[in-house]
Amino acid sequence: MVGNVFHKFNYKEIIINWCLVVGGLWASGIGASLVANSRIRSPMKPSLRLIHARLHAQALTLAVLSGAAVYRYCEIRECGPKQQAHYSSPTVVQLVEWELQSPF
């Protein structure tokens, strides 16, 4: 049921531009907190308001990242674990050849 709600959105675009999404969310959190704690409503010093704004923005970013982790967990749980490819262990001859051909 949870997966059906999330599939309405285009998450591929969000994943591609993940840094922009998180950075924009952080900046909007700071702006919203600064507006909420404006001089008229709060007698705090500007430095203290900025510290509180950063704290609120970090909490908002952490909440969104936690939500993304929960979504990813539910997505993996719904699909099941991926099959791991089975690779045989390299033989001594293969290891020696690799060492000889390695540029390092």
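What follows draws every value from the coordinates through simple rules; no lab data is involved. Please read all numbers here as calculations on a predicted model, not as lab measurements. Neighbour counts are summed over all protein chains in view; Cβ atoms, including those assigned to glycine, are modelled from backbone coordinates with ideal geometry.
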For this session: Could you tally the net charge around ILE30, taking each other residue with its Cβ under 11 Å from the Cβ of ILE30, Lys/Arg +1 and Asp/Glu -1?
Result: +2
Seminar exercise, completed: Per the rule of 0.36 nm per residue minus the C-alpha distance, extending CYS79 to SER47 adds in nm 6.7 nm
For this session: Would you work out which of PRO90, HIS56, VAL70 lies farthest towards the positive end of the dipole of the range 48-101, given +1 charges on the beta-carbon of Lys and Arg and -1 on that of Asp and Glu, about the Cα centre?
Result: HIS56
Exercise. Which value in nm describes the separation of the simple spin-label points at ILE40 and THR91, placed 7 Å from the Cα toward the beta carbon?
Worked result: 8.1 nm
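Based on the Cβ-Cβ distance of ALA68 and ALA32, what FRET efficiency does E = 1/(1 + (r/R0)^6) give at R0 = 25 Å, to the nearest 0.05? Present the calculation step by step, with values, prior to reporting the outcome.
Details: r = 20 Å, r/R0 = 0.81.
Taking R0 as 25 Å, the efficiency between ALA68 and ALA32 is 0.80.
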